[in-house]
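K.L.:
I have a structure I would like to understand better, so I am pasting it below and will then ask my questions one at a time.
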Amino acid sequence: MTDAAIEDHALLSDRHSAALVSSDGTIDWLCFPRFDSPSVFGALLDNQAGSWSIRPLEPAKIKREYVHRSMAVLTTFHTATGTMELVDAMVLGPSGDPHRLGEYAPHALVRRVSCTQGRVTVDMRFRPRPEYGLITPRLTCVEGGIEVWGGPDRLVLSVPGPATVSLGEVCTRMTLSAEEVRYFGIRYSPLGTAMPAPYSQEEMAAGLDATITGWRAWSAAHQQYEGPWQDLVHHSGRVLHALSYQPTGAIVAAATTSLPEAVGEERNWDYRYSWLRDASLTMEALWVAACPDEAHEFFDFVTAAAADSRVAGSLQIVFGVGGERDLSERVLPHLSGWRASRPVRVGNGAWTQTQLDVHGELLQAAHRFRDQLGNSSLATRDFLADVADAAADNWEQPDCGIWEIRGRPRHFLHSKLMCWVALDRAVAMAGQLDARDRADRWATTAALIREAILTQGWHPEAKAFTQAFGAPELDASALMMPMVGFLPPDDPRVVSTIDAVAEQLVDARGLVYRYHTDSQVDGLSGGEGTFLLCTFWLAHALALAGRAGEARLVFERAIAQVNDVGLLAEEIDPIDGAHLGNFPQALSHIGLVNAAWAIHQAETSRGTAEARP
């Protein structure tokens, strides 16, 4: 299995699929043609599942970064004899526009190798293993490259010179002098279509240049945020764009599956899908990061994918990037898992769970677009009104909650809170939804939910709003209360909850846990790391409460965890600070954007107030 740490990776994306490349020049994760397709390279989860490395033969000091305002990665290797640069990117196609690929995507990855000083011997090893490593494909030499075939996937590898083929592996070595440049590339096609021809060196050069230019043009047109941590906010906007599936607008939770929340434990899930739970948070982040087109597309996706005439009992919480509903979970027993963390899972069993909070996330997202709802179809407006009815009908039921527990359902506070959000927003949008006749019922039920939360959600011994009605355990999701406007951020109960989380739900670094797993509420064994989204939530809540200085300190602790190319996983190991969970994690970057904006707003408001005579 690969020894590379999770944080040792950088993301490549063509907005159809994604790859991860480690700092030593190894691509150990790549899925074609979609984010959730079986891997072609899967050494991230088992070394036998394939990889593609390009690196100097000699030992090297390594530095890397994203090419300015793009999603192409530049890795620089300094050896005793010279300097080599490697630029990796998934090609965007002839237009070079990451936003307007249409249905066409080249499904190609290009790697440029150059010697910028002295002489460097380059070693390339190509080991494709389609279908999560089940297939050792046949490799056939053709002019300009090697054809890869076997199973449903076909690839062609473009190489700039002679190569050796044996035992399912392609190897080549070449020595480059200063200013010499070579290109390598792969192209994908499904079985039943023509095998693509190898790229020429000129085609790969043009494709890479157009891709970098396209990402930069998109960034220049969309990245308008001006405030603290501007570069991180802009970069997070690009990451969210890279994690979005261009044909539908779906945003995947992460590019990977089964990277564990604790090394060697069972909390390993497939995150290559799109969750309704993330909808409202994603909308806010896309607006802050100045991506209105992407926000509209994601909203259109979630409303279309979730639409169901039986919504009262069947609002699904997670979908495939094409809107698919059946995400049946299965184990891949032939894979050993990242650092022996088994099981390796594909699919996600959460698709069958009941989570009442999604009603609120969906209507909160709709509320962001309330001025445009009049232009929506009658079917969309009817569906959203039915979602509000479902929240009113079902809010008293137990559920699996925001964290998708696999223990017994409970009366989670966050689920009740988001049912209140659903009805509160529905009342505000009743006119746009053509549902004024339902508004009184929604308002009456919202008042009942509010009373239940205030009386049963507050725990006097904990001096906080807690995880579930009547339970003393803390849960970071209670920090959402001021963010959704349920109570003022300076309400004494909110302040006490913020302080309780900051004091009792943190590790030695001051990073925030979702909840303490020793309560066994989630029905799973073992523990997990601190949750970066929850740490950003704490910073966000502090900013709303007017405690901008404290918010800054918490925010700085969270962003101190970004890797060398500005990416965040889901969690952080409380012992050694390593990244844990699937990578890169959209929610972590969403939390970063939203918290940065909240702090910026708090500091701007404070500065305005201080400037008044």
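K.L.:
Can GLY144 be described as within 25 Å of ASP14 (Cα to Cα), over 32 Å from the mean Cα position of the chain (by Cα) and touching a residue at least 12 places away in the same chain (Cβ under 8 Å)?
P.N.:
The answer is yes for GLY144.
K.L.:
Looking only at the stretch 246-276, which residues are of a type in the set (S, T, N, Q), in a loop (DSSP other than H, G, I, E, B) and within 15 Å of TRP29 (Cβ to Cβ)?
P.N.:
Correct list: THR256, SER258, ASN268.
K.L.:
Restricting to the stretch 55-84, name every residue that is assigned to a strand (DSSP E or B), farther than 22 Å from LEU109 by Cα and hydrophobic (A, V, I, L, M, F, W, C).
P.N.:
Across the stretch 55-84, there are no qualifying residues.
K.L.:
Quick check: is even one residue across the stretch 148-161 under 18 Å from ARG55 (Cβ atoms), assigned to a strand (DSSP E or B) and among the basic types (Lys, Arg)?
P.N.:
Checking the stretch 148-161: not a single residue is under 18 Å from ARG55 (Cβ atoms), assigned to a strand (DSSP E or B) and among the basic types (Lys, Arg).
K.L.:
Can you tell me which residues in the stretch 25-43 are out of contact with any helix residue (DSSP H, G or I) (no Cβ under 6 Å at 6 or more places or on another chain), more than 16 Å from ASN348 (Cβ to Cβ) and of a type in the set (A, V, I, L, M, F, W, C)?
P.N.:
Result: ILE27, TRP29, LEU30, PHE32, PHE41.
K.L.:
What pairs can you find where one residue is in the stretch 401-430 and acidic (Asp, Glu), the other is in a helix (DSSP H, G or I), and their Cβ atoms are less than 7 Å apart, with a gap of 6+ or different chains?
P.N.:
GLU404/ALA350; ASP424/ALA446
K.L.:
Then there's this: Show the residue pairs that are 6+ apart or on different chains and have beta-carbon atoms under 7 Å apart, the first residue being within the stretch 112-129 and at positive phi, the second being modelled with pLDDT of 95 or more and outside any strand (DSSP E or B).
P.N.:
Hits for this filter: GLY118/THR81; GLY118/ALA178.
K.L.:
Give the residues of the stretch 549-570 that are among the charged types (D, E, K, R) and within 18 Å of ARG64 (Cα to Cα), sorted by residue number.
P.N.:
Scanning the stretch 549-570 gives a single hit, ASP564.
K.L.:
Name the one entry in LEU11, LEU30, LEU20, LEU44 that is part of a loop (DSSP other than H, G, I, E, B) and under 18 Å from the mean Cα position of the chain (by Cα).
P.N.:
Testing whether each residue is part of a loop (DSSP other than H, G, I, E, B) and under 18 Å from the mean Cα position of the chain (by Cα) leaves just LEU44.
K.L.:
What residue, among those in the stretch 223-277 that are more than 15 Å from the chain's Cα centre (by Cα) and β-branched (Val, Ile, Thr), is modelled with the lowest pLDDT?
P.N.:
THR248
K.L.:
Would you confirm, using the coordinates I've provided, whether ARG410 is modelled with pLDDT of 95 or more, more than 20 Å from VAL495 (Cα to Cα), within 30 Å of the chain's Cα centre (by Cα) and of a type in the set (D, E, K, R)?
P.N.:
Taking the combined requirement at face value, the residue satisfies it.
K.L.:
Starting from residues that are closer than 18 Å to ILE135 by Cβ, touching a residue at least 12 places away in the same chain (Cβ under 8 Å) and surrounded by fewer than 13 Cβ atoms within 10 Å (Cβ to Cβ), keep the ones in the stretch 168-192 and report whichever is nearest to the chain's Cα centre (by Cα).
P.N.:
Result: PRO190.
K.L.:
Still on this structure, I have one more. Applying the selection to the stretch 469-479, what residues are touching a residue at least 60 places away in the same chain (Cβ under 8 Å) and either under 28 Å from the mean Cα position of the chain (by Cα) or crowded, with 24+ Cβ neighbours inside 10 Å (or both)?
P.N.:
ASP475, ALA476, SER477, ALA478, LEU479
K.L.:
Kindly provide the set of residues from the stretch 50-64 that are exposed (fewer than 14 other Cβ atoms within 10 Å of the Cβ) and of a type in the set (D, E, K, R), ordered by number.
P.N.:
LYS61, LYS63
K.L.:
While we're looking at this one, here's another question. Considering only the stretch 390-400, state which residues are buried (at least 21 other Cβ atoms within 10 Å of the Cβ) and in contact (Cβ under 8 Å) with a residue 60 or more places away in the chain.
P.N.:
Within the stretch 390-400, just ALA390 meets the criteria.
K.L.:
Just give me the residues in the stretch 418-439 being in a helix (DSSP H, G or I) and within 31 Å of the chain's Cα centre (by Cα), in sequence order.
P.N.:
Matches in the stretch 418-439: MET418, CYS419, TRP420, VAL421, ALA422, LEU423, ASP424, ARG425, ALA426, ALA428.
The values are calculated or read from the model by the stated rules, or taken from the named source; none is laboratory data. A quick note: this is a predicted structure, and the numbers were derived from the prediction, not measured. With ideal geometry, Cβ positions are generated from the backbone for all residues, glycine too; neighbour counts draw on all protein chains shown.
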